[in-house]
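The values are calculated or read from the model by the stated rules, or taken from the named source; none is laboratory data. If you're wondering where the values come from, they're calculated on a predicted model, not measured in any experiment. Every residue, glycine among them, receives a Cβ derived from its backbone with ideal geometry; neighbour counts consider all protein chains shown.
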Amino acid sequence: MPPQPASPRARERASQTVKEAVERQFSAAAAGYSVSGVHAGGPDLEAMLEVAELRGNERVLDLGCGTGHTTLAFAARALRVDGIDLSRGMLDQARRLASERGVDNCHWHLGDVEDLPFPDASFAVVTSRQSAHHYVSTERALAETARVLAPGGRFVLVDSVAAEDPAADTFLNAFELLRDPSHVRDHRVSEWCRLFAAAGLSATPGPRWWLDMDFDGWVSRSQTAPDAVDALRALVRHAPRAVAEPYFPDAPHCTRVRVEAGLVVGEKLAP
């Protein structure tokens, strides 16, 4: 007998379990993310600011804002930026950073990107940087993004992306899930383009970057459990060299890790 699809109630329970894992994971690790160089800046953040084409009078929404690095960068060029995140701990760090920098045009919200607490057409720009791989329902998050965007508004997304090759895709998502149980999926750029279109957003892929990190610092920042670190190292040792080396340049060892990030820009299409 073929497996039966999960009931709506079962899917909702599974979704809630992942979201609770996100809240636990990132509240506990918030202090580390507040000082993470990968999150504090880089060419991906500069590219996001460039393609947003802000004039200074816009209202911006930052999805999965974390400790506020992207929110604060956009606040320097916009009228107001609202940051929303599931993690109280991350938002506490964001408020601290904003206060230390004297930034007063940021507003912080505890909430879910799949159920945004904002009216339709509230924002000229919506951003999401290195958080979309935690979205339980990417379709719902994008539908909400399109809803709160004003006509002609832009959605500027940067996230870690999977290769189009199925083996590399599977390897990437396997090691990301071992590192972080709140991980859902790194999508392929082609998937993002289809998802944008389904939500009523145009999709223009932009540049891509390899983020090179120290392995020990990478698993420490996410507070990966020791047994999961051991499993991750075993995965790298036993993976085909051609699949592992783009992500672990010294495979089968694990001193460095590289993850590819990509930018996709969507524009809200006219009804």
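Summary table
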item: Condition broken by ALA98, with the remaining ones in (1) over 30 Å from ALA242 (Cβ atoms); (2) assigned to a helix (DSSP H, G or I); (3) in contact with a Phe, Trp or Tyr (Cβ under 7 Å, 6 or more places away or on another chain); (4) not basic (Lys, Arg) satisfied; result: (3)
item: Pairs with Cβ under 8 Å, 6+ apart, first in the stretch 75-90 and more than 20 Å from VAL113 (Cα to Cα), second of a type in the set (D, E, K, R); result: ALA78/GLU58; ALA78/ARG59; LEU79/GLU58; LEU79/ARG59
item: All positions within the stretch 176-200 that are farther than 23 Å from SER220 by Cβ, part of a helix (DSSP H, G or I) and over 13 Å from the mean Cα position of the chain (by Cα); result: VAL189, SER190, GLU191, CYS193, ARG194, LEU195, PHE196, ALA197, ALA198
item: Residue that is more than 29 Å from PHE123 (Cα to Cα), of a type outside the set (Val, Ile, Thr), surrounded by 17 or more Cβ atoms within 10 Å (Cβ to Cβ) and at pLDDT below 55, where the choices are ALA29, ALA10, ALA14; result: ALA29
item: Residue within the stretch 229-248 that is among the β-branched types (Val, Ile, Thr) and in contact with a strand residue (DSSP E or B) (Cβ under 8 Å, 6 or more places away or on another chain) present; result: no
item: Subset of the stretch 70-115 that is within 17 Å of the chain's Cα centre (by Cα) and polar (S, T, N, Q) - its residue that is surrounded by the fewest Cβ atoms within 10 Å (Cβ to Cβ); result: SER87
item: Given (1) more than 20 Å from VAL136 (Cα to Cα); (2) in a helix (DSSP H, G or I); (3) among the acidic types (Asp, Glu), number of the condition GLU164 does not satisfy; result: (2)
item: Residues of the stretch 116-153 that turn out to be crowded, with 17+ Cβ neighbours inside 10 Å, hydrophobic (A, V, I, L, M, F, W, C) and in a strand (DSSP E or B), as a count; result: 5
item: Options ASP92, ASP44, ASP82, ASP104: the member that is in a helix (DSSP H, G or I), over 25 Å from VAL259 (Cβ atoms) and either small (Gly, Ala, Ser) or modelled with pLDDT of 90 or more (or both); result: ASP92
